Each structure stands twice: as structure tokens, then as C-alpha cells.
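Asks: I'd like to ask some things about the structure below.
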Amino acid sequence: MIRNIRSKSKTSYRNLTRNSWKVSSNLLASFHYAFQGIVYGLITQRNLRIHLFLGTIAFILGLFLDLKSSDFALLALTITIVLVLELLNTSIEALVNLSIGRRFHPLAKIAKDCAAASVLIASISSLLIGCLLLLPPLFS
């Protein structure tokens, strides 16, 4: 499926983004645009797919281990934070690329590096929280 979407022509991509600057006309349109952002991230961002895969495994493991609701909520929140930051990182990178094109600028590097660092920090903390929540019931 991903290969089929990636292989769409540039014209088709332009058609999808032609009216992206407009304010959405209704609530359903807003959800549609948000869903397009999720799909775009999943198609184009390898790290988002990795985070989603690992988060799904942790989520299923939490269900299997019958975590307390508060622990399960914390696990779900940490997974969500990583996914949200990965999408924000993607949007920051796109905006920086849009503004500077193929040129190098030290401030663009800082923006991209800091956005990527936020995902890295969230991922590390998510891993630690996941271990603290999942390992004790797994070994008992």
C-alpha cells in the first residue's frame, strides 16, 4: 500500500495539497486534513513507523499483562507523546525546507536538530517508563 501511494505522480500530490492553505470549511474537513497528516507521516517517515510499531507492541504487552489503569494510562500517554513529537518534527523539517530550500543556514540546522532532539528525549524517557511499567509484571 505504501509503495502505491509513494508512486503517485507529482501532479496527484499537487492536487492533494492545492487547497491546503485554506481554512477548513467544517469539522469533518478538519478531521480529514488531520488524517491526511497522519497518513503522510506514516508513508514518508520511517521513524514514525518504528515508533508506532514499538508503541503498539508495548500497548499490547500492557493489555496482556493486565496493567493497572493508571499504569496503562501512563504507558499510553508516553507512546502518544513520542508519536506527536515525531509528527511535529516532520512539520518543522518541512517548514524549514520550505523557507530555505536547498541552501544551508545555521539556524535551520538548529531548528531541525532541536526538533529531532525532542523526539529522541521523549523516546528515551518512553523506553524507561515502558521498562518500569512492563518489566516488573513480566518477570513476576
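The values are calculated or read from the model by the stated rules, or taken from the named source; none is laboratory data. Please read all numbers here as calculations on a predicted model, not as lab measurements. Cβ atoms come from the backbone with ideal geometry, glycine included; neighbour counts cover every protein chain shown.
Asks: Before we move on, is L48 more than 23 Å from A116 (Cβ to Cβ), touching a helix residue (DSSP H, G or I) at 6+ places or on another chain (Cβ under 9 Å) and modelled with pLDDT of 90 or more?
Replies: The answer is no for L48.
Asks: Can you find a residue in the range 125-135 that is surrounded by fewer than 14 Cβ atoms within 10 Å (Cβ to Cβ) and either of a type in the set (D, E) or touching a residue at least 60 places away in the same chain (Cβ under 8 Å) (or both)?
Replies: Of all residues in the range 125-135, those surrounded by fewer than 14 Cβ atoms within 10 Å (Cβ to Cβ) come to 125, 128, 131-132, 135.
Restricting the remaining residues to those that are either of a type in the set (D, E) or touching a residue at least 60 places away in the same chain (Cβ under 8 Å) (or both) gives none.
No: zero hits.
Asks: Still on this structure, I have one more. Restricting the search to the range 30-44, which residues are hydroxyl-bearing (S, T, Y) and at pLDDT 95 or above?
Replies: Filtering the range 30-44 for residues hydroxyl-bearing (S, T, Y) gives 30, 33, 40, 44.
Within the range 30-44, Y40, T44 qualify.
Asks: Go through (1) without any contact (Cβ under 8 Å) to a residue 24 or more places away in the chain; (2) under 13 Å from the mean Cα position of the chain (by Cα); (3) surrounded by 13 or more Cβ atoms within 10 Å (Cβ to Cβ) one by one and return the number of the condition E86 breaks.
Replies: For E86, the failing item is (1).
Asks: Go through the range 104-140 and give me each residue that's assigned to a loop (DSSP other than H, G, I, E, B) and of a type in the set (G, A, S).
Replies: Filtering the range 104-140 for residues assigned to a loop (DSSP other than H, G, I, E, B) gives 104-105, 140.
Within the range 104-140, S140 is the sole residue that qualifies.
Asks: Now, a different point. Considering only residues of the range 35-64 that are of a type in the set (G, A, S) and within 12 Å of the chain's Cα centre (by Cα), which is surrounded by the fewest Cβ atoms within 10 Å (Cβ to Cβ)?
Replies: Looking only at the range 35-64, we keep the residues that are of a type in the set (G, A, S), and these are 37, 41, 55, 58, 62.
Checking the rest, the ones that are also within 12 Å of the chain's Cα centre (by Cα) come to 37, 41, 55.
Details: G37: 13, G41: 19, G55: 20.
The qualifying residue surrounded by the fewest Cβ atoms within 10 Å (Cβ to Cβ) is G37.
Asks: Does I110 qualify as being over 19 Å from A34 (Cβ atoms), β-branched (V, I, T) and surrounded by fewer than 12 Cβ atoms within 10 Å (Cβ to Cβ)? Walk me through how you get there before you give the answer.
Replies: On the way: over 19 Å from A34 (Cβ atoms): yes; β-branched (V, I, T): yes; surrounded by fewer than 12 Cβ atoms within 10 Å (Cβ to Cβ): yes.
So I110 fits the description; yes.
Asks: At pLDDT below 95, surrounded by 11 or more Cβ atoms within 10 Å (Cβ to Cβ), closer than 22 Å to Y33 by Cβ and not acidic (D, E): does that describe S99? Break it down stepwise before answering.
Replies: Details: at pLDDT below 95: yes; surrounded by 11 or more Cβ atoms within 10 Å (Cβ to Cβ): yes; closer than 22 Å to Y33 by Cβ: yes; not acidic (D, E): yes.
Yes.
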